[in-house]
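Structure record follows, encoded as structure tokens.
The values are calculated or read from the model by the stated rules, or taken from the named source; none is laboratory data. Nothing here was measured: the structure is a model prediction, and the numbers come from that model. So basically every Cβ, Gly included, is an ideal-geometry build from the backbone, and we count neighbours across all protein chains shown. Accessible surface is based on the protein model in full, side chains and every heavy atom, while ligands, DNA and RNA are left aside. Shrake-Rupley method; radii C 1.70, N 1.55, O 1.52, S 1.80 Å.
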Amino acid sequence: MPRAALTALAAALIGSATPALSPTPANAAPLGRVCLFQDKEGARGAGHVAWAIRDPKNSSHWIWGATENAEGDSYTAPGKNNGSWIKGGSWTQLRGSINLARYDYYRCINTASGKLTSAQQTYRQMKANGYAVLTNNCLTKSLAIFRSYSPALTSAYLPDGKFKAPNYYFTTSLNNSRGWERARAY
């Protein structure tokens, strides 16, 4: 056997003995997907975000929503209306949603899996737990929904959003995180 063929065979055999790595959001089969939407002018220029997640069992179905701070104050007590809303449908319906018409950009990340029911349950909790401008807002609620949807979204992929303005998080924090696609105009 020629030397080149032996080298190729040895490389193939050694390569096949390499242990398989567990999938991470960046290299996983894209069964799940989350997207964050940015309204640059929201909250007096600090920014505002909305969220969307894809149903891993039906890739043409999405749910999306946001928390709008219904009272317009820096604090809303738990149990009062914090302006949270949720919708569902196809990506085309999401893109045409009047609720998302004011957003400027969005960016997404694929996940190895996702559990829509967990995300919906977290949404219901976030809808009922009030609002606090620095620690329990549109951003932190979106991140909680993402994390419940896919536990693979660890801090390396989804950093903490407390005490961060949504515009800063959308650009700087996600630019420094793994796996996020570049921002796209909405």
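Which whole-number percent is the relative contact order of segment 49-186 (Cα, under 8 Å, 6+ apart)? Write down the numbers at each step before the final one.
Working: 216 pairs, mean separation 37.9, N = 138.
Relative contact order of segment 49-186: 27 percent.
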Cα centroid separation - segment 117-186 against segment 86-100, whole Å: 19
Theoretical gain in end-to-end length, Trp85 to Ala185 [0.36 nm per residue, Cα-Cα removed]: 33.7 nm
Cα-only radius of gyration and Dmax that characterise segment 99-181, units Å: 12.7, 32
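Would you work out if segment 23-165 is rounded, prolate or oblate? Take a ≥ b ≥ c from the square roots of the eigenvalues of the alpha-carbon gyration tensor; rounded if a/c is under 1.5, else prolate when a/b is larger than b/c, oblate otherwise. Present the calculation step by step, with values, prior to reporting the outcome.
On the way: a/c = 1.62, a/b = 1.45, b/c = 1.11.
Verdict is prolate for segment 23-165.
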Note, ³J(HN,Hα) from phi for segment 111-123, Karplus 6.51, -1.76, 1.60, rounded to Hz, x at Gly and Pro: 10, 4, 7, x, 10, 4, 5, 5, 5, 5, 5, 5, 4
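Excluding Gly79 itself, what net charge comes from residues whose Cβ is under 14 Å from its Cβ, given Lys and Arg +1 and Asp and Glu -1? Could the numbers behind the result be given before it?
Values: positive: Lys80, Arg124, Lys127; negative: Glu71.
In short, +2.
May I ask you to give the solvent-accessible area per residue for segment 87-161, in square angstrom, as obtained with a 1.4 angstrom probe?
Working: 3220 Å² over 75 residues.
For segment 87-161, the solvent-accessible area averages 43 Å² per residue.
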Counted charge near Ile63, where neighbours are those whose Cβ lies closer than 9 Å (Asp, Glu -1; Lys, Arg +1): +1
Lysines with Cα under 22 Å of Lys115, excluding same-chain neighbours fewer than 8 positions away: Lys57, Lys87, Lys127, Lys141
Calculated from backbone phi, Karplus (6.51, -1.76, 1.60) coupling profile of segment 95-106 in Hz, x at Gly/Pro: 4, x, 5, 4, 5, 9, 4, 7, 7, 9, 9, 9
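Work through the residues other than Tyr103 whose Cβ is under 14 Å from its Cβ and net out their charges, Lys, Arg +1 and Asp, Glu -1. Working shown, then result.
Details: positive: Lys40, Lys87, Arg95, Arg102, Arg107, Arg184; negative: Asp39, Glu41, Glu68, Asp104.
It works out to a net charge of +2.
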